[in-house]
Ligand SMILES: CC(C)(COP(=O)(O)OP(=O)(O)OC[C@H]1O[C@@H](n2cnc3c(N)ncnc32)[C@H](O)[C@@H]1OP(=O)(O)O)[C@@H](O)C(=O)NCCC(=O)NCCS
């Protein structure tokens, strides 16, 4: 499976909406809002199978805002492939405390818990785990 990435386009939004729907653990946004951020889609020969949305904070930080992989393609390295496109040395994110899969995923990639926000999320209410990683400069 050859994976490629490219920036999100307006025409992709219906597919992104479907990816969100298939991933209730992901943040559920108005998909137009993704165009205001650094949003990258991941494609294989079938089309878009995942996306990552982040806010670039120059000169050397990034905040991951959302990441979702199509259920048929999970646990095959797609999330890792998208995460690896982010090269800012300092990387931040918030994740629902109940989202054990995502917390495991980010831990595997070197993110450490740096904070806890009580009842940060609504619909449903949940705490946020704040995580950060520092990429080693090569
Ligand atoms: C979290 C998510 C992006 C991971 O994507 P993925 O492509 O399945 O992840 P990868 O295949 O790259 O997995 C890398 C590692 O993450 C961890 N991981 C991934 N899925 C896991 C699961 N279901 N249970 C436990 N650990 C898991 C493992 O350590 C895995 O390594 P391994 O397969 O060698 O054990 C994906 O599960 C997803 O879309 N979840 C729903 C949306 C979401 O929660 N997004 C996060 C918003 S902050």
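What follows is calculated from the coordinates using simple rules that are stated; it is not laboratory data. What you see is a predicted model, and the numbers here were worked out from it, not measured in a lab. Every residue, glycine as well, gets a Cβ built from its backbone with ideal geometry; the counts of neighbours run over all protein chains shown.
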### Query
Based on DSSP H runs of at least 4 residues, each adding -39500 (n - 2.57), what is the mean residue ellipticity at 222 nm of the chain after dividing by all its residues, to the nearest 500 deg cm²/dmol?
-5000 deg cm²/dmol
### Message
Need one number: nm distance between label points at residue 113 and residue 61, each 7 Å from Cα along Cα→Cβ, rounded to one decimal.
### Response
2.2
### Task
Would you please calculate the Kirkwood hydrodynamic radius of region 25-138 over all C-alpha pairs and express it in Å, rounded to one decimal?
14.8
### Task
Could you work out the relative contact order of region 4-134, using alpha carbon pairs under 8 angstrom and six or more residues apart, expressed as a whole percent?
18
